[in-house]
1. On a full-extension model of 0.36 nm per residue, what is the gain between ASP157 and ALA184, subtracting their alpha-carbon distance, rounded to one decimal in nm?
2. Angle, helix 183-196 long axis vs. longest principal axis of the chain, Cα atoms, 0 to 90°, nearest 10?
3. Got the relative contact order for segment 178-236 handy, in percent, Cα pairs under 8 Å and 6 or more residues apart?
4. Applying 1/(1 + (r/R0)^6) with R0 = 41 Å to the Cβ-Cβ distance of LEU79 and ASN223, what FRET efficiency is obtained, to the nearest 0.05?
5. R0 = 30 Å: FRET efficiency of SER195 with GLN91, Cβ-based, nearest 0.05?
6. Compute the helix-to-body angle for 3-13: its Cα long axis versus the longest principal axis of the chain, expressed 0 to 90° and rounded to tens.
7. Find how much the distance from GLU230 to GLN35 grows on full extension, using 0.36 nm per residue of separation minus their present alpha carbon separation; answer in nm with one decimal.
8. Please arrange SER2, SER195 by how many other C-beta atoms lie within 10 Å of their C-beta, fewest to most.
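Just so it is clear, none of the values below were taken in a lab; they were calculated from the coordinates. If you're wondering where the values come from, they're calculated on a predicted model, not measured in any experiment. When we count neighbours, we look across all protein chains shown, and the Cβ atoms used for this are built from the backbone with ideal geometry, even at glycine.
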Amino acid sequence: MSVWLRIGEFVSRVSSSTLSGLIEALRTTFTADPQLRRNVAFSIAMIALSAKMAKADGIVTDEEVKAFHRLFEVPDGELRNVQRLFDLAKQDVAGFETYAERLAQLCGSGTENCEMLGDILDGLFHIASADGFLHEREQAFLTRVAEIFEIDQEHFDAILRRHVDGGREDPYRILGVSRDHSFAEIRKHYRRLVSENHPDRLIARGVPAEFVAIANSRLAALNGAFERIERDMRVS
C-alpha cells in the first residue's frame, strides 16, 4: 500500500481539522510500525512545509509546482490526499515554525542525529530552487527550518551548494571537504557520502520510496562535485 493511501487513512481517523493537530497526532499513531510512522511523518512534513514555503517569496512559479510533483510522484488517483493536506496547511493559522518544531520533536532526544530532518530540508531546497533562483525570503525560511531541526552550518551549507546554480558551485563545499585535504582523504569522504545517501539508506531511515528523486538528485550533485575535483587535481 502506498504512503499516500496510508496518509488518507490517517487523516480520516484523526479528528483534528488542522495540520498542526495532525502532526501532533503522529506521536501516538503507527506506534506498532515505526517505519510506517516515519514514512507518514516525512510525507506530511514535506507537504506542510512546502505549503508554507510556497508563498515565502510571494510567487509560486510553474517550475516550483512541477518540482513539487516530480518530488512527490503522486498517482493521479491519490492526488486528493496530498491536496487535502496542502489546503489544511494553507488554512492553518499555525506558522511554519510550529510545524518544524513538532516535526523535530518526533525524532525524540538528540534531533541533530535524526537524519530524516536533513532529508526534509533537502527536499524543500529541491522545490525552492527549481526555478533556478533561490529567493532571499526562501533562503531565510530554509535557514530557520534548519535552525529548528538543529542542522549544523556545515551540513546546511553543503545542501545549499548542491542546489544553488544546479550544483555548479565550489565542489569542495558541496562535498564538505577542504582544499587542504589529500585526494585520498577526499575520495574516502566522497565514498562515505555516497553510501550514506544511497536510496536504500534514505528509505531505511524513513524517506518513502515515492521520494527517491531526493536521493537521485543528491547523488548526481555529489558525483559531479567529485568528478570536478578529480579532474582538477589531475590537471594540476
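1. Contour length minus the Cα-Cα distance gives 7.4 nm.
2. 20
3. Contact order relative to length: 39 percent.
4. 0.80
5. It comes out at approximately 0.15.
6. 30
7. Contour length minus the Cα-Cα distance gives 66.4 nm.
8. SER195, SER2
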